[in-house]
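Participant: Quick one: the structure is below, and I'll ask about it shortly.
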Amino acid sequence: MRLMATWRAVGHELARDARDGRAGELPLLRAGATLTDEYAERLARAGINAVYVDDEVSADIEVTPALTEKTRVVAESKLTLAFRAVPAALATGVPLSEESLREFKQVAALIAQEVAAAEDAVVALQDLASADAYTLQHSINVTVTGLILARRHFRDHGRLDGLRRRSFRRMEEALTRLGVGLLLHDVGKLAIPRAVLEKAGPLDDDEWELMKRHTLLGVELIRSDAIGYHAKAVIRSHHERWDGRGYPDGISRERIPEFARLAAIADVYDAITSERSYRRAASPASAHAAIVSGAGHAFDPHLVDVFRRTIAPYPPGSEVTLHDGREGIVVRVDPKHIERPVVRVLTTPDGEATTPRDVNLAENGWIRLVPPTALLRPVRPGLPAAEPLAASG
């Protein structure tokens, strides 16, 4: 299978259900259906701007989702119920109940268990949800990405224990604690007016100050001892920067809790690759480049190195362009050469169709991939493509 922009996929058979990402909703179009102009128009109006398709040239390409469909549906359902308790908590000033927090713990444990079982498989991290489902899917996707990074980091280097020593014990518990913080990292944004959250242009000074309060509002919602220090540190400090120019406390380097440093990378990566009401989703390669370029000032450079060895900029099923203009599809990614995939070349440099041929970039160092500015071409020709992300908020 491969990933295609919805408007280009007309005439192809869907390889996966097209879902808008909201809990409990039936798929907009089932796997196996042939995408017609009418269906493509409906999907585009619903904010589904890319779909997975099966065709002759991609039939043998396996795209492994970061979460199984079953786990994602369970996570969506439980998180939706838990998030429904937030408005009342905000209105009354009463923290979230033990029952609501228990839902977050269960989801975190479920995701951590699935991530731990994935070993080093290269997965498709991007969830093709509509902008309307951003809050829910962002919580899930950041959790998945953060736990994948943490699992690799803890396995290779150990985790920091209470005495700030590296330990290789109780990894599963550490991943679950981190998962709770990741699920809740943006819970304070539920107190921010939608007009501010979804504003298309730059925020003015007052709006920006309000936006920055979401980290502290989130901590206020989680005053219970049922959620430990590490999870609360993620909520409070995931917008701190390695160079000290973040918020809310302006702390830097190792003063930022390690869990929060991991969360910062996962948060920005998913924000860039997600569809928003005011900005198109950018490609995994674009997000990958943004994280790498942020090493040493926005992000912990050591954790960025872990990211580079763990997250593929060109996951299987991605459409790519070679430096000479030839176009192709990523067939597979070797975890040992994660930035140099095997590409099935489909065209000549002039764009003419040619007999498909697989080229292993790890064995052909002279071949370069042209980093795309966006995963999606416009929903319709003539519309603007994705814009660079200035900040994740």
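Participant: Given the condition closer than 15 Å to LEU125 by Cβ, polar (S, T, N, Q) and in contact with a strand residue (DSSP E or B) (Cβ under 6 Å, 6 or more places away or on another chain), answer yes or no: does some residue in region 341-354 qualify?
Facilitator: Taking every residue of region 341-354 in turn, none turns out to be closer than 15 Å to LEU125 by Cβ, polar (S, T, N, Q) and in contact with a strand residue (DSSP E or B) (Cβ under 6 Å, 6 or more places away or on another chain).
Participant: Looking at ILE251, ILE265, ILE291, ILE256, can you tell me which residue is within 17 Å of ALA312 (Cα to Cα), aliphatic (A, V, I, L, M) and free of Cβ contacts under 8 Å to residues at least 60 places away in the same chain?
Facilitator: ILE291
Participant: Scanning for something out of contact with any Leu (no Cβ under 6 Å at 6 or more places or on another chain) and within 29 Å of GLU339 (Cα to Cα), does region 72-81 turn up at least one residue?
Facilitator: yes
Participant: A further question on this structure: Tell me the residue from VAL73, VAL51, VAL107 that is assigned to a helix (DSSP H, G or I) and in contact with a helix residue (DSSP H, G or I) (Cβ under 6 Å, 6 or more places away or on another chain), please.
Facilitator: Only one candidate passes the filter, namely VAL107.
Participant: Take region 1-32 and flag every residue that is within 15 Å of ARG45 (Cα to Cα), touching a Phe, Trp or Tyr at 6+ places or on another chain (Cβ under 7 Å) and either surrounded by fewer than 20 Cβ atoms within 10 Å (Cβ to Cβ) or at pLDDT 90 or above (or both).
Facilitator: Once the filter is applied, which keeps residues that are within 15 Å of ARG45 (Cα to Cα), touching a Phe, Trp or Tyr at 6+ places or on another chain (Cβ under 7 Å) and either surrounded by fewer than 20 Cβ atoms within 10 Å (Cβ to Cβ) or at pLDDT 90 or above (or both), region 1-32 yields nothing.
Participant: In addition: Do we have LYS70 as out of contact with any Ser or Thr (no Cβ under 8 Å at 6 or more places or on another chain), at pLDDT 80 or above, charged (D, E, K, R) and in the same structural domain as GLU220 (by TED's automatic domain parsing) here?
Facilitator: Spelling it out, LYS70 is indeed out of contact with any Ser or Thr (no Cβ under 8 Å at 6 or more places or on another chain), at pLDDT 80 or above, charged (D, E, K, R) and in the same structural domain as GLU220 (by TED's automatic domain parsing).
Participant: Would you mind listing the helices (runs of 4 or more DSSP H) fully within region 147-227 where at least 3 residues are crowded, with 21+ Cβ neighbours inside 10 Å, in the same structural domain as PRO248 (by TED's automatic domain parsing) and not polar (S, T, N, Q)?
Facilitator: Helices (runs of 4 or more DSSP H) meeting the threshold: 171-183, 214-221.
Participant: Another question, if that's okay. Do any residues in region 295-309 that are at negative phi have Cβ atoms under 8 Å from those of residues that are of a type in the set (Asp, Glu) and in a loop (DSSP other than H, G, I, E, B), where the two are at least six apart or on different chains, and which pairs are they?
Facilitator: HIS297/ASP243; ALA298/ASP243; ARG308/GLU339
Participant: Collect the residues in region 74-117 that are within 20 Å of the chain's Cα centre (by Cα), of a type in the set (A, V, I, L, M) and closer than 15 Å to THR143 by Cβ, keeping them in residue-number order.
Facilitator: Once the filter is applied, which keeps residues that are within 20 Å of the chain's Cα centre (by Cα), of a type in the set (A, V, I, L, M) and closer than 15 Å to THR143 by Cβ, region 74-117 yields VAL74, ALA75, LEU79, VAL107, ALA108, ALA109, LEU110, ILE111, ALA112, VAL115, ALA116.
Participant: Let me ask another. Can you find a residue that is under 21 Å from VAL330 (Cβ atoms) and more than 16 Å from the chain's Cα centre (by Cα) anywhere in region 270-292?
Facilitator: No, because not a single residue in region 270-292 is under 21 Å from VAL330 (Cβ atoms) and more than 16 Å from the chain's Cα centre (by Cα).
The values are calculated or read from the model by the stated rules, or taken from the named source; none is laboratory data. Here the structure is a predicted model, which is why all the values come from computation and not from measurement. Quick reminder, even Gly has a Cβ in these numbers, built from the backbone with ideal geometry, and neighbours come from all protein chains shown.
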